[in-house]
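The structure under discussion appears below in the form of structure tokens.
The values are calculated or read from the model by the stated rules, or taken from the named source; none is laboratory data. Predicted model only: the values in this text are computed from it and were never measured. Because the Cβ atoms are built from the backbone with ideal geometry, glycine has one as well, and the counts that use them run over all protein chains shown. Just the protein is used for accessible areas: all its heavy atoms, side chains included, with ligands, DNA and RNA removed. Shrake-Rupley method; radii C 1.70, N 1.55, O 1.52, S 1.80 Å.
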Amino acid sequence: MNGPQLIRREVTTSAGIIPLWSLPEAFASTTKPIVLVIAGVFSTIDALTHLPQAIGLLADVCIMRMPGTYGPALTPPTLETASRAVGELLATTFAPRPAVVVGVSVGALVAMSVRAPNLRRVVLVEPPLVSGKLWPVFGPLRQALSEAADGRFAALALEAFGIDGEAVRDRDHRALIEGLHTPVDVILGDAPLMPQRQLDRFPSLVDAPERSRLAASPRVRLHLAPGAGHNVAAQAAAAMNEVVREACRRASATTLYDPARLDEPLLEATPWTSRRVGYVGPDNETFATALKLVDPKCEVVALADDLDSAAAFDAIAVAARPSDQQLGRLAAALKTGGHLIARWPDPDGEARAALGRAGLTLRAPVDSAGTAVLRAQKLDAGQSPRPELNLQTIIYASLLMDVRTRLPARALRSDPELKVSYVMAPAPLAALGRDVPKVAVLQRPAELKMEVWRPLLATAILSGWLIVMEYDDHPWLINEVQGRPSSPAHMERFRFVHAVQTSAPTLIEAFKPYNPEVVMFANGAFDLPPFPEGDRPPRVFYGAAIRGTYAVQVAASLGPAIERCPQAEFIVIGDREVFTALPTRHKTYYDYMTYEAYLELMRSCSISLSPIAPLPMRDTKSDAKFVEGSRSGVLTIASPTIYDRVIEHGVNGLLAREIADWAPLLGDALSDHGLRNRLARRAWDYVRNERMFADQIVQRRDWYWNLWSRRAELNEALMARVPGLREMVAAGAG
């Protein structure tokens, strides 16, 4: 067996026994999400053993074979029985953990009907929705049937694929799409099913009409697995892993609305930069709540047929394809430059013509997977829209970096002028035309050698790419806390890119001697739940990575505060030494977890502690802990290092200047609900007004466009900084 050694456990349901394969610790957690993978008819456990390691800290993974194939059959042996048994398993064995079900091939048909109170999301991998056209599988299925020891597999083959001896009865499972009741990610191979042809491996088993049917569902987001056919798990494991990881993160978040009532793709195609949004469709309150979480200064208005054409909206979102008459009214209500976002099955030339008649210009597709949501823009007569700038983010250090990596990528995708891709390193620069606007952001690359950078930069210049380095810490500080030596080369690498983006003003000063093109994008909040009114429990939060002995000393000093409030509970994430040093029995330790779960745990507290030693380079770190706590309605007590840039003592937080200050400040905060509430509310207001990521999108987009407009100048400056680069570019051009 490849990958980690998994253990087998049996779970008893009312329909029979379901064997599960997992790492030994998968059943131990009570809070971490559980990912239940249902393998397909031809899938083996070996083909899926990469998932537990790929998911890592985000969730525990259990894998089950399709009942009736290689293990016990359920009674009766039907897909419906399997769905019901899986729902029972989730609701009992894994309650109350948030659950993600991943269905592979026929396992996806089972996953589509699973119901459980703790089921948050579903991932479907190549669901074979219409069996009569699945020409590649008929031969292998008949071979498997001839080798089967009993009739259990025959019953499954008949129900799922319509295989009955030599006869094929078409099975149409598309009705399952209408029953989807949680957000669903569907991963499809990009090797088409048709036409029938000689192939050395299965193509995708989801044909174009079924893809369109899936895309039309407001519950579904489509993903393409490049280079894969039906066997996505083996042929595009990295793409599958990333979709499942994202599902785990989203499953960890507690929403203020029913996710089953939200059209996620429609919402996330609506520009977060809009200040006045009209909405046409069902569940207006759900859509408005979800949009105002990420853009709290946005006004969302439910629109009716008697629309006032003078309403002047920045964007209008429509949950169904509007009629030509409705399009005209909606276009009239948009500001010039505003966007229409609409569910529109199979957007094609007909859509472009209909939008044109209403005075709207169709923009590029929302994504390459075929999501049935389009965006169009209202422009002055004769004006053309600015093309999309391709922004490719390549991630080298993803752990605990959500606020600098995937969350910015998700938010920036809402801007119609950006086409954002997010990939893990190593990854090549996308093959785009030289003059297509494009910027690549390399997040925390570790490479130091100029001879390695030089050919990459020559390729980038010759193909028209601009290279930006994203770095949000001082490299020497990272080396110090990880016990590694530093050298000038750790800073020299900032010369080897066109520009640098970072998170703190002190880092601008550190990087500018090496590269004049440095910009600061401060860490922001990606959503803002309502401020928690009323008395909150005396629960204290600490969550940080590698804060060292100073944080341990602070924790050990808190005895007097605990004596003043002995019922106070402490929550610690990721720092076992701090947890051990706390002089109380009322404490709980958690390993690292999804960012969403981290924020939920923080929001359950009333006070957050953020100590940091007054040592060299510590002031280059960002104030993210204050933003996260303030966004959660939590009072932050912090060191002046870093935080005196944003905390005004006694106004929107508390600053502990010496170790001796921590216990009195914490004791006062625990004892005085009014103080906690007043300071936390001012901090929450500050984040709402000044630190929402939504307010950064235009700044980021315009900076990338500015770089692109100056690419000749930036190329020249880069070649002047990197010896031998000019000659390599000249040789490549020749």
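First obtain the Kirkwood hydrodynamic radius of region 335-454 from its Cα pairs, then insert it into the Stokes-Einstein equation at 10 °C and 1.306 mPa s, and state the resulting D in µm² per second as a whole number.
Taking Rh from Cα pairs, D becomes 96 µm²/s.
Just how large is the dipole of region 621-664 about the Cα centre, in debye to the nearest 20, putting +1 at every Lys and Arg Cβ and -1 at every Asp and Glu Cβ?
140
Multiplying the sequence separation of ILE17 and ASP200 by 0.36 nm and subtracting their Cα-Cα distance, what value in nm do you get?
Difference between extended and current length: 62.2 nm.
Where the only charges are on Cβ atoms (+1 Lys, Arg; -1 Asp, Glu), what is the dipole of region 405-505 about its Cα centre, to the nearest 20 debye? Before the final figure, lay out each step's value.
Working: 12 positive and 10 negative charges, 49 e Å.
Dipole about the Cα centre, nearest 20: 240 debye.
Kindly write out, for region 499-513 in residue order, the coupling ³J(HN,Hα) from the Karplus curve 6.51 cos²θ - 1.76 cosθ + 1.60 (θ = phi - 60°), rounded to whole Hz, with x marking Gly and Pro.
Here the 3J(HN,Hα) series is 7, 10, 10, 9, 10, 9, x, 5, 6, 4, 5, 6, 8, 4, x Hz.
How do GLU10, GLU447, GLU210 rank by accessible surface area computed with a 1.4 Å probe, from largest to smallest? Working shown, then result.
On the way: GLU10 105, GLU447 65, GLU210 5 Å².
Highest to lowest solvent-accessible surface, that is GLU10, GLU447, GLU210.
Defining a contact as two alpha carbons under 8 Å apart and six or more residues distant in sequence, what relative contact order in percent does region 648-709 show?
Relative CO of region 648-709 lands at 31 percent.
Percent of Cα-Cα pairs per 10 Å bin, from 0 to the last occupied bin, for the chain, please list those.
In whole percents, the pair-distance histogram is 3, 13, 21, 24, 22, 13, 4, 1, 0.
Which order do GLU417, GLU147 take by accessible area at a 1.4 Å probe, largest first?
Final ranking, largest accessible area leading: GLU147, GLU417.
For region 365-452, what does the relative contact order come out to in percent, with C-alpha contacts under 8 Å and a separation of six or more? Please report the intermediate quantities before stating the final value.
Numbers: 101 pairs, mean separation 32.6, N = 88.
Taking the mean separation of contacting Cα pairs over the length of region 365-452, I get 37 percent.
Taking the full set of protein chains and a 1.4 angstrom probe, give the accessible area of THR641 in square angstrom, rounded to the nearest 10.
30
Give the residue from ILE55, PRO98, PRO259 lying farthest towards the positive end of the charge dipole for the chain; charges sit on Cβ (+1 for Lys and Arg, -1 for Asp and Glu) and the dipole is referred to the Cα centre.
ILE55
About its Cα centre, how strong a charge dipole does the chain have in debye, to the nearest 20, once Lys and Arg get +1 and Asp and Glu get -1 at the Cβ?
In debye, rounded to 20, the chain gives about 520.
Work out the charge dipole of region 415-491 with +1 on the Cβ of Lys and Arg and -1 on the Cβ of Asp and Glu about the Cα centre, then indicate which of MET491, LEU448, LEU477 is farthest towards its positive end.
Farthest towards the positive pole: LEU448.
If ligands, DNA and RNA are left out, what is the accessible area of TRP476 with a 1.4 Å probe, given in Å² to the nearest 10?
Probe radius 1.4 Å; accessible area of TRP476 about 90 Å².
Efficiency by 1/(1 + (r/R0)^6): what FRET value for ARG386 and MET520, r their Cβ-Cβ distance, R0 = 35 Å, to the nearest 0.05?
Between ARG386 and MET520 the formula returns 0.90.
Would you check the accessible area of ASP346, probe 1.4 Å, heavy atoms only, in square angstrom rounded to 10?
Here the residue's solvent-accessible area equals roughly 90 Å².
Taking the Cα centre of region 601-692 as the origin and placing charges on Cβ (Lys, Arg +1; Asp, Glu -1), which of TRP684, ILE637, VAL651 is farthest toward the positive end of the dipole?
TRP684
Mind checking which lysines have their C-alpha under 30 Å from LYS378, skipping anything on the same chain fewer than 8 residues away?
In chain and number order, the partners are LYS292, LYS297, LYS335, LYS419, LYS438.
Looking at the square roots a ≥ b ≥ c of the eigenvalues of the Cα gyration tensor of region 223-336, which shape do they give, rounded for a/c under 1.5, prolate if a/b is larger than b/c, or oblate?
It comes out prolate by the Cα gyration axes.
Sum -39500 (n - 2.57) across every DSSP H segment of at least 4 residues in the chain, then divide by the residue count to get the 222 nm mean residue ellipticity, nearest 500. Mind showing how you got there, number by number?
On the way: 29 runs with 261 residues, N = 734.
Estimated from H runs of four or more residues: -10000 deg cm²/dmol.
Rounded to the nearest Å, what's the spacing between the alpha carbon centres of region 537-595 and region 332-384? Just the number, please.
52
Calculate, in nm to one decimal, what THR254 and LYS297 gain on full extension: separation in residues at 0.36 nm each, minus their alpha carbon distance.
The THR254-LYS297 span can extend by a further 13.3 nm.
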